[in-house]
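**Student:** Got a structure for you, written out below as structure tokens; questions coming shortly.
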Amino acid sequence: MDLVISLDGGGEKTVRVYRALRAAIVDGRLPEGHRLPASRVLAADLGVARNSVATAYERLVAEGYLVARIGAGTFVAPVRDKPAPRRAPADPLRPRAGWTFTPLPTSAEVPAPRYDFRSGIPDARLFPFDTWRRFVAAELRLHAHDPGGYAGPFGHPALRSAIARYLGYSRSLRVGEEDVLVTNGTQHALDLIGRVLLRPGDVVAVEEPGYPPARRLFASLGARVVGVPVDGDGLVVDALPRAARVVYVTPSHQFPLGGAMSLTRRHALLDWAGQRQAAVIEDDYDTEFRYSARPLEPMYGLDTAGRVLHVGTFSKTMLPSVRTGFVLAPAALRPALGAARQLGDGYGQIAVQAALARFIDEGQLARHVRRAIKAYAGRRARIVAALSRHPGLEVVPSSAGLHVTALAPESAGVVAAAAARGVAVEDLGAYGSDSTGFVLGFGAIDPALLDEGLEIFGEVLRDA
């Protein structure tokens, strides 16, 4: 890569080269140990005589800024003068009025606790990396799928078809390739939907307790987000705000409580949406992992009025790093969603999408899910049994997913005390609930440490 320095200012060219190189070393643009270009190469790049560069190099070596190594080249020496910090302007650019959002810590950015019961994290140790790597490598070839061109915003056709077949088999949904838009996961899907459907000030109804990233996303788009209570049958439809333009729900495995929305309540929500001309976003994020009852038909399959957008992800069934999800949308919305995708980030990682299509069609995803269910079921049973032994806890019934929720008289203090002993459990109150309790995930925890972690958590509960 060419070294770019400015020779602005007065004086001979040799002096200007010297000043520019010294400044680049002192302010850190040329870091310690960096090898400088040969004098003739830099001279040609700068349009000066080679002697000007050679003389500047010699002076910087003499002053200790550079080190010349015979046969190796010229390198930046350890800097004696620390770079001066950049001074912020008196009136820097600021976010638009009303923007109060900053990034939140993620599971990969903080050290994993010894006893990791955080929710929503799949066990990467169960994933067939060798198989996945073989599929991805096969798609990273020159003539695989026109890597020099720009792909369409709806996703790789083979993956759209594979997802449609997968949903037909696993969800009993009658969909085709044309129904599927591939996204970079659930959050990306919600962003596309929000940008297409919502105007500033529109009301979005969300479950309470519910999924905080969805609430934050809709609020960032200027929507007025209203929490709606959840009971044993799911979202309380009678409590929905009349002005809601969009309703966001997790009907197959309510997050974070864990229950499933009853069939009666699903039909009530669909009727309400039809009467109010509202959209329903159905987030089906982890119900591949089922441990008892057969799943109810998704709301997308029950919808006859074109009101439901079904959102899915492979972050739980595979890995978050695959960064792939999808939206099933009514036909009238598909062009707008495709345009929103194209305007935002163009299209996704086509090689990964093509590999995922093969991973699904060759049965590898189904095989992985079956193995994972077997592993997760054992962990889930151990957690439920341990929590059930504590008289102050009420385990919320659920039959799917990667977490268990238990109600308790008090939770915040217990969560903090458990964290001090290396046990990470989540406070139900953090999800916008008036109830108190705990959310325990079982995807990230090392099975060999699970019982020990539960024992320590039990001790904290007894001491509370």
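The values are calculated or read from the model by the stated rules, or taken from the named source; none is laboratory data. From a predicted model like this one, the values you see are computed outputs, not experimental measurements. FYI the Cβ positions are ideal-geometry reconstructions off the backbone, even for glycines, and counts take in every protein chain you see. To get the accessible areas, we keep the full protein, side chains included, count just its heavy atoms, and leave off ligands, DNA and RNA. Shrake-Rupley method; radii C 1.70, N 1.55, O 1.52, S 1.80 Å.
**Student:** Got a sec? Which of GLY392, GLY458, GLY443 is within 30 Å of LEU356 (Cα to Cα) and touching a residue at least 60 places away in the same chain (Cβ under 8 Å)?
**Tutor:** Result of the check over GLY392, GLY458, GLY443: GLY443.
**Student:** Separate question: Count, please, the residues in segment 376-400 that happen to be within 24 Å of the chain's Cα centre (by Cα) and either at pLDDT below 95 or surrounded by fewer than 19 Cβ atoms within 10 Å (Cβ to Cβ) (or both).
**Tutor:** Number of matching residues: 1.
**Student:** Now for a separate question. Would you check which residues across segment 223-241 are assigned to a loop (DSSP other than H, G, I, E, B), at pLDDT 95 or above and either open to solvent by 40 Å² or more (accessible area, probe 1.4 Å) or of a type in the set (Val, Ile, Thr) (or both) and list them?
**Tutor:** ASP233, VAL236
**Student:** For the structure I just gave you, tell me whether ALA244 is closer than 28 Å to ALA339 by Cβ, in contact (Cβ under 8 Å) with a residue 60 or more places away in the chain and open to solvent by less than 10 Å² (accessible area, probe 1.4 Å).
**Tutor:** Here the answer is no, as ALA244 does not meet what is asked.
**Student:** Is there any pair with a first residue in segment 22-34 that is farther than 12 Å from TYR65 by Cβ and a second that is among the β-branched types (Val, Ile, Thr) and not in a helix (DSSP H, G or I) whose Cβ atoms are under 9 Å apart and which are 6 or more apart or on different chains, and what are they?
**Tutor:** Pairs found: GLY28/VAL79; ARG29/ILE5; PRO31/VAL76; PRO31/VAL79; GLY33/VAL76.
**Student:** Out of the residues in segment 308-333 that are in a helix (DSSP H, G or I) and open to solvent by 50 Å² or more (accessible area, probe 1.4 Å), state the one that is farthest from LYS374 (Cα to Cα).
**Tutor:** ALA332
**Student:** Filter segment 8-17 for residues that are open to solvent by less than 50 Å² (accessible area, probe 1.4 Å) and under 47 Å from the mean Cα position of the chain (by Cα) and give the result.
**Tutor:** VAL17
**Student:** Would segment 401-419 turn up any residue that is without any contact (Cβ under 8 Å) to a residue 40 or more places away in the chain, touching a Leu at 6+ places or on another chain (Cβ under 6 Å) and not small (Gly, Ala, Ser)?
**Tutor:** Within segment 401-419, none of the residues are without any contact (Cβ under 8 Å) to a residue 40 or more places away in the chain, touching a Leu at 6+ places or on another chain (Cβ under 6 Å) and not small (Gly, Ala, Ser).
**Student:** Every residue in segment 250-307 that is over 22 Å from SER398 (Cβ atoms), open to solvent by less than 10 Å² (accessible area, probe 1.4 Å) and part of a loop (DSSP other than H, G, I, E, B), please.
**Tutor:** ALA278
**Student:** Same structure, new question: Tell me, yes or no, whether segment 154-164 has at least one residue that is in a loop (DSSP other than H, G, I, E, B), open to solvent by 10 Å² or more (accessible area, probe 1.4 Å) and out of contact with any Lys or Arg (no Cβ under 7 Å at 6 or more places or on another chain).
**Tutor:** For segment 154-164, residues in a loop (DSSP other than H, G, I, E, B), open to solvent by 10 Å² or more (accessible area, probe 1.4 Å) and out of contact with any Lys or Arg (no Cβ under 7 Å at 6 or more places or on another chain): present.
**Student:** Next up: Would you check if there is a residue in segment 427-444 being at pLDDT 95 or above and over 21 Å from PRO212 (Cβ atoms)?
**Tutor:** no
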